[in-house]
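Step one of this worksheet: look at the structure below.
The values are calculated or read from the model by the stated rules, or taken from the named source; none is laboratory data. Bear in mind that the values here come from a model prediction, so they are computed numbers and not experimental data. So basically every Cβ, Gly included, is an ideal-geometry build from the backbone, and we count neighbours across all protein chains shown. Keep in mind that these areas ignore ligands, DNA and RNA; they rest on the heavy atoms of the full protein, side chains included. Shrake-Rupley method; radii C 1.70, N 1.55, O 1.52, S 1.80 Å.
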Amino acid sequence: MRNLLPLLLSIGFRLALWCLLTSDLSWLNLLIGLVVALLLPRARSRPLPLRALLLATSRSLLAIPQAYGEALRLIFAPAVEEREASEPATDRALPLLVFLDVFRITLTPFTIVLGLEDDGRRYRIHSLMPASKQDGSRL
Amino acid sequence: MQGSLVDHTSLLLLGAGLTLWFWGSWPLLENRSYLSKLHALSVADTLGSALMLLGLLLRIPGQWPLLTLALLGLIVWNTIFGYVLAACSLPARDSTQAGEQR
């Protein structure tokens, strides 16, 4: 299952995009979509732990409402401050999980991933947050 | 009655999206740091546009497959593009993989 998961994911994702694009669920169209999905080149895949994938996916989805909350806080903040931070990274051997992490962190307006540091063990993060009350330095 | 509720909600979403667009694009003209402009742009581009697409989705439900595709593409593409712009704004660093590939 772990070995098959990347293949199933990429085929399923491509087929879903194909169906959305053509908005046609007839057997012939599904077949064409499946052939296209199989023919497109694929990255070399590694076994993917399902639990970690589900966790990363749900965290990414939760980041969307959170992003709106952060946007509102930024809009109504009287002053903001910039900072650099870092966060432990997931296993770099699993590109999909790293992608989901980068997506989750960058989607929210407070934080942007700048890259990996410390030999890929941590994400380097730039953050822009409402300033805390005591130091009201305006940018 | 239901139709007008959908209409009003869609107008509200479009308006909110437009507000976020202006709020996030305005800092581009100001004298601020590059990265803080990117933070604001992620509000405008990603979140504002997503609200607008949701508004359109309510307005033209018949086109939902394409609008969903646009929504998906927009959120993922904008976010990752923001990351790429941020990562490229830094001088190449020795410890990162990008630095090694140079």
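Points worth noting:
- Test: residue in the stretch B:2-14 that is within 30 Å of A:D24 (Cβ to Cβ), open to solvent by less than 50 Å² (accessible area, probe 1.4 Å), touching a residue at least 24 places away in the same chain (Cβ under 8 Å) and within 10 Å of another protein chain (Cβ to nearest Cβ): no
- Subset of the stretch A:11-29 (residues that are open to solvent by 60 Å² or more (accessible area, probe 1.4 Å) and either within 8 Å of chain B (Cβ to nearest Cβ) or touching a strand residue (DSSP E or B) at 6+ places or on another chain (Cβ under 6 Å) (or both)): A:L21, A:S23
- Extreme residue, nearest to the chain's Cα centre (by Cα), among residues of the stretch A:35-55 that are surrounded by 15 or more Cβ atoms within 10 Å (Cβ to Cβ) and either in a helix (DSSP H, G or I) or among the hydroxyl-bearing types (S, T, Y) (or both): A:L53
- Test for A:L116: is it closer than 22 Å to B:F22 by Cα and within 7 Å of another protein chain (Cβ to nearest Cβ): no
- Positions within the stretch B:58-84 being more than 22 Å from A:T57 (Cβ to Cβ) and away from every other protein chain (no Cβ under 11 Å), in sequence order: B:L58, B:R59, B:I60, B:P61
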